[in-house]
Protein chains: 2
Amino acid sequence: MTALKVEIRSGAYYDSTILMQLQSSLGKMPGVLDTGVVMGTDANKDILAQSGLLVPEAQAAKPDDLIIVVKGEDEAAAEAALAEVDNLLTRKRSTEGQAFRPKSLETAAEMLPEAQWVLISVPGRYAAGVTREALRLGKHAFLFSDNVSVEDEISLKKEAAQKGLLVMGPDCGTAIVNGVGLGFANRVRKGNIGMVAASGTGLQQVSARIHQLGGGLTHAFGTGGRDMKEEIGGITAKMGLDFFVRDPDTEVIVLVSKPPAPTVADELLRAARKAGKPVVVDFIGYTPPASRIGNLHFVRTFDEAAALAVELAKNGGKTEAGIEVDTSKFAPGQKYLRGLFSGGTLAFEALLILEDYLPAVYSNAPIRKGHNVLQNSLVSQENTIVDLGEDEFTVGRLHPMMDNTLRIQRLLQEAEDPEVAVILLDVVLGYGSHPNPASELAPAIKEAIAKAQAAGRHLEVVAVVVGTDQDPQDMEEQIELLQGAGAKVGTSNDRAVRYVGELVAKLNPPKDEGPSTEFTPVDIDKIKQPLAGINVGVESFAESLVAQEAKAIHVDWKPPAGGNEKLMSILAKMKAK
Amino acid sequence: MTALKVEIRSGAYYDSTILMQLQSSLGKMPGVLDTGVVMGTDANKDILAQSGLLVPEAQAAKPDDLIIVVKGEDEAAAEAALAEVDNLLTRKRSTEGQAFRPKSLETAAEMLPEAQWVLISVPGRYAAGVTREALRLGKHAFLFSDNVSVEDEISLKKEAAQKGLLVMGPDCGTAIVNGVGLGFANRVRKGNIGMVAASGTGLQQVSARIHQLGGGLTHAFGTGGRDMKEEIGGITAKMGLDFFVRDPDTEVIVLVSKPPAPTVADELLRAARKAGKPVVVDFIGYTPPASRIGNLHFVRTFDEAAALAVELAKNGGKTEAGIEVDTSKFAPGQKYLRGLFSGGTLAFEALLILEDYLPAVYSNAPIRKGHNVLQNSLVSQENTIVDLGEDEFTVGRLHPMMDNTLRIQRLLQEAEDPEVAVILLDVVLGYGSHPNPASELAPAIKEAIAKAQAAGRHLEVVAVVVGTDQDPQDMEEQIELLQGAGAKVGTSNDRAVRYVGELVAKLNPPKDEGPSTEFTPVDIDKIKQPLAGINVGVESFAESLVAQEAKAIHVDWKPPAGGNEKLMSILAKMKAK
């Protein structure tokens, strides 16, 4: 007859790895059919119950208690197995290397003074204390432990921010620093992509895909899943982003998170917008305002994030294939765009794309009713896009795609405005349109540019030609005519408008806000040094560092004061200056 | 001294082309410095004022009045020019061809019985009447005219829908039917992309770019800008979409519009979701729920729409590069997915992607708090994704990326459920993770599949391996082990989850709603015949058809009853059956 035997051990601390090994060793003993080695939480009791191992004593155990259940072929086998528990728990572990194991972080730091990092994977209730100690020693913290309180996370991160140190976590599963993985991490080649992730397997999936697709990383910083919540305010994410913005080796940045709190998303995206390099944003489940806003590229899955980052990284982070933006020729005071469209939806798309670049663009056909409406369609204000195909212009008059009169008149009018820097036109070819629009528009463009020049200004005219090589107008010739008159010509509204947007945004720069006072920037040079780490908790994390040829030292850690909370807090106070 | 002379003509009807020619001819007369030939609207008066041509008599003109202003070198020159107006207006127009010009649509239809289309570009107040006549004659209507009332648009489209006829417009600038452009249209090669657009220049820009990028069109249907508004309900868009869904030549569909009314967007997207072919959606300015939902691909600009359509069209419209979905092996009753994840954010992404395929997926870590929560983490319900790395599972236990025990136990448990068809697992490699997870998972997968088979079922196991070729575990070997056990293995969570989503969605088909009763489907064969059209209004549109080698007949149209509204309505009533 099979027999179930149980042993409960109260209040003792056991490393999870040791418990897994205990369960495995017990299971291999003669006459043992099944075993359960778990802490006495409700969820664990349910799991025991599913295997038929939940005896009444186990049912009565507290969450702090260790439950050891053995199901034997008979009572003797079960008892023999339980009798071995002490032996198994104290058996010398077979880890090689490291002759002397320091018992404290302080000693470890003296032994490996170049260590910039402390990896912490002790049980949650001890983790904040160890992290505080790491910060006191001036080390960045990789905080794998979960079950750390929000209050502790806030106070740790605020302290770290002041010191220019990163606290990755709590509950941070993974990071890659200078080619070396911390915690769970894939081996990813070095490259020019930097990652900040509030998601462990998100970071792993994206970084692994980046490697699979031929790309590589500078570093990938984890923040812990709670970092981008309202309470924490994304302290680590902001510091990480700021790091990659400044880091010259990083040419593309990837941000990964479950949807951040709106205020945190706002702040991060605003900072990312000024990065001066492309930022791929995968706030999974977050609905972005657009798929693209300037240098921000919003994606929906890890796969897309990796693919886009690798593609952008190939171009050394250049987002735009278009012409280079040069504002040097404009006279002081020239700063506005005037778009004179014959195509209504081209005008609409232009307005939409310009939202990425300019705070306000006025129009007689605005995107949102009543918002940024031109007071008088015939007179532009600041940055303006006019749709000349709107009803007010076409009563008893042919569509502006057929009749260029009004557009030419307006073009010359805009050219005389000393605040105008750029005029944007669409030229729609095809059946039904004017048989040779460039023959009328080109002379007007030439005249407009000459007028501005005579007044000591530089006027840029950009024309989008919509057409095909089979259209009746001869698209090539139309383009040449317009170029001959001095216009820059493209065939993609998207690209032309983005070029104009970048140009005009550069002519209207936002005020510089100066460096952030929220945190001390992380020292780039220190992060770039060969990684060395001090490990406290799950021993295999130290072994992983060594396997990656990083220097590592494992601390033979035990809960301070045998886990006695009162004593612990006295010890902590004594250590603090 | 220069002189301004003006003439006002009341209540007469003039074709806009003729007015443009009149202005141009007057401008070329000796001693004429400037001219204005406009209808007396406020906007037009403002334009005259800007040129210094707004004399008091013109200021007093009504919107129906034609204003002719001439600025001469002297009074004699201005008067001489005005005296020529009658001559210029009645001068025989120099259009070639077409010996006999019918005066009515009816006669034209008798002369060109194969005409499927009537192109209408008469002034707005006459346009509804002409369109009604076209529908009565069983023709599709291309309605270029604007200033048609919403009431007329609704009644015209309802009548057309009953008859399986398309009313494109009012204010529809462009369409391409069977390679022939109507109104304003670029010459675009034939191909396998079908377009429905509520935007004229949107259709032109996308179709021109499709051509530039090497793609081609079956047809491109315009709907008029108001079609997708609440009042009209997208009647033409729905009929057009339905046409392309049925049309075997169309392999990719593109939908372009300014943001439709939410209800219309909903209905269109629901219909598009069932198209069985990829649909590229560019509702410019609309924030889509995702960048991709099954076969729906949301883009933000015309450029992206064209590029993606061409890319998809190259694959003959196949959206998924993945494995083919085969549900034939499952036993009746097998229909559910069970996802057992070790990576929290992989689970989160899976839940998110599955929203595209399944109405509800339960989880212990749901996307939205309190929504689709698993009642008990240990027991799956219907479709379920469990995150085994959640706190409830990890107290005193190593993370499931290190310890496979729980996952294996759960895997075998799920395999015994007769309603389970697919089990999805992630296998995260790298430093820190289990040194050889497949050595433990593969035997369990094999056992699970065998168990199901023994019970007469087919169990599909899909594993996502996250890793790189430089990871310590030997990714290739891990993949082979899992495949050897009978699992389908991928390295992209996105793609694996989409495969599983399609598979499980196919096992849980929505009820068939039957064919729409809202409209009579448009006859595909009729649209595929060589295009022939009857043109009423702007004459150059007929010339364009002829230039494209389509048969066309131009109607020498005049407002019925000389524009007298009362008489017009009596005539209309007499014609209606």
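The values are calculated or read from the model by the stated rules, or taken from the named source; none is laboratory data. Only a predicted model underlies this, so the values are computations on that prediction, with no experimental measurement involved. For neighbour counting, all protein chains shown are included, and Cβ atoms are generated from backbone atoms with ideal geometry for every residue, glycine included.
A few notes on this one:
- Scanning region A:259-277 for residues that are of a type in the set (D, E, K, R) and either part of a loop (DSSP other than H, G, I, E, B) or buried (at least 22 other Cβ atoms within 10 Å of the Cβ) (or both) gives A:K274, A:K277.
- The residues in region A:23-47 that are assigned to a helix (DSSP H, G or I), within 11 Å of another protein chain (Cβ to nearest Cβ) and of a type outside the set (G, A, S) can be counted, and the count is 6.
- Subset of region A:164-177 that is modelled with pLDDT of 95 or more and away from every other protein chain (no Cβ under 12 Å) - its residue that is farthest from A:Y126 (Cα to Cα): A:V177
- Residue identified as closer than 30 Å to A:G173 by Cβ and at pLDDT 90 or above among B:L312, B:L337: B:L337
- Residues of region A:389-421 that turn out to be touching a Pro at 6+ places or on another chain (Cβ under 7 Å) and more than 11 Å from every other protein chain (Cβ to nearest Cβ), as a count: 1
- Exclusive hit being modelled with pLDDT of 90 or more and either within 14 Å of another protein chain (Cβ to nearest Cβ) or touching a helix residue (DSSP H, G or I) at 6+ places or on another chain (Cβ under 8 Å) (or both), set A:L567, A:L481, A:L507, A:L503: A:L481
- Within region A:188-216, the only residue that satisfies the criterion of being surrounded by 24 or more Cβ atoms within 10 Å (Cβ to Cβ), under 20 Å from A:Q529 (Cα atoms) and either within 11 Å of chain B (Cβ to nearest Cβ) or basic (K, R) (or both) is A:V188.
- Residue match in region B:403-426 (condition: part of a strand (DSSP E or B) and under 30 Å from A:F142 (Cα atoms)): yes
- A:D474 being of a type outside the set (V, I, T), farther than 19 Å from A:E349 by Cβ and facing another protein chain (nearest Cβ under 9 Å): no
- Considering region A:437-447, the residues that are out of contact with any strand residue (DSSP E or B) (no Cβ under 8 Å at 6 or more places or on another chain) and more than 12 Å from every other protein chain (Cβ to nearest Cβ) include one that is farthest from A:V361 (Cα to Cα), namely A:S439.
- Residue in region A:440-447 that is assigned by TED's automatic domain parsing to the domain that holds A:N493, surrounded by fewer than 24 Cβ atoms within 10 Å (Cβ to Cβ), farther than 29 Å from B:S544 by Cα and not basic (K, R) present: yes
- Meets criteria (at pLDDT 90 or above and more than 21 Å from A:M402 (Cβ to Cβ)) for A:V361: yes
- Only a single item in (1) in contact (Cβ under 8 Å) with a residue 60 or more places away in the chain; (2) crowded, with 19+ Cβ neighbours inside 10 Å; (3) closer than 26 Å to A:R246 by Cα is not met by A:V280, and it is number (1).
- Only listed residue being under 37 Å from the mean Cα position of the chain (by Cα) and under 30 Å from B:S540 (Cα atoms), chosen from A:A307, A:A347, A:A360, A:A313: A:A347
- Residues that are buried (at least 19 other Cβ atoms within 10 Å of the Cβ), more than 13 Å from every other protein chain (Cβ to nearest Cβ) and either more than 17 Å from B:N508 (Cα to Cα) or more than 38 Å from the chain's Cα centre (by Cα) (or both) within region B:373-384 are absent altogether.
- Residue selected from region B:456-474 under the condition modelled with pLDDT of 95 or more and out of contact with any helix residue (DSSP H, G or I) (no Cβ under 8 Å at 6 or more places or on another chain), by the criterion farthest from B:D326 (Cα to Cα): B:G456
- Top-ranked residue of region B:427-436 - restricted to ones that are more than 7 Å from chain A (Cβ to nearest Cβ) and more than 12 Å from B:V466 (Cα to Cα), ranked as surrounded by the most Cβ atoms within 10 Å (Cβ to Cβ): B:H434
- For A:D356, the conditions (1) in a helix (DSSP H, G or I); (2) more than 8 Å from chain B (Cβ to nearest Cβ) are fulfilled apart from (1).
- Positions within region A:240-258 being more than 11 Å from the chain's Cα centre (by Cα) and either part of a loop (DSSP other than H, G, I, E, B) or under 17 Å from A:E304 (Cα atoms) (or both), in sequence order: A:D247, A:P248, A:D249, A:T250, A:E251
- Here A:F100 clears all of (1) of a type in the set (F, W, Y); (2) touching a Gly at 6+ places or on another chain (Cβ under 9 Å); (3) modelled with pLDDT under 95 except the condition numbered (2).
- None of A:A141, A:A77, A:A81 is farther than 30 Å from A:V6 by Cβ, buried (at least 16 other Cβ atoms within 10 Å of the Cβ) and away from chain B (no Cβ under 14 Å) except A:A141.
- Residue within region B:510-518 that is over 30 Å from B:G164 (Cα atoms), touching a residue at least 24 places away in the same chain (Cβ under 8 Å) and either crowded, with 19+ Cβ neighbours inside 10 Å or not hydrophobic (A, V, I, L, M, F, W, C) (or both) present: no
- Restricting region B:541-563 to residues that are buried (at least 19 other Cβ atoms within 10 Å of the Cβ) and under 28 Å from the mean Cα position of the chain (by Cα) leaves a set whose member that is nearest to B:R101 (Cα to Cα) is B:A542.
- Pair list, Cβ < 7 Å and 6+ apart or interchain, from region A:150-174 residues that are in a helix (DSSP H, G or I) to residues that are buried (at least 24 other Cβ atoms within 10 Å of the Cβ) and not hydrophobic (A, V, I, L, M, F, W, C): A:E153/A:P170; A:L156/A:T131; A:K157/A:T236
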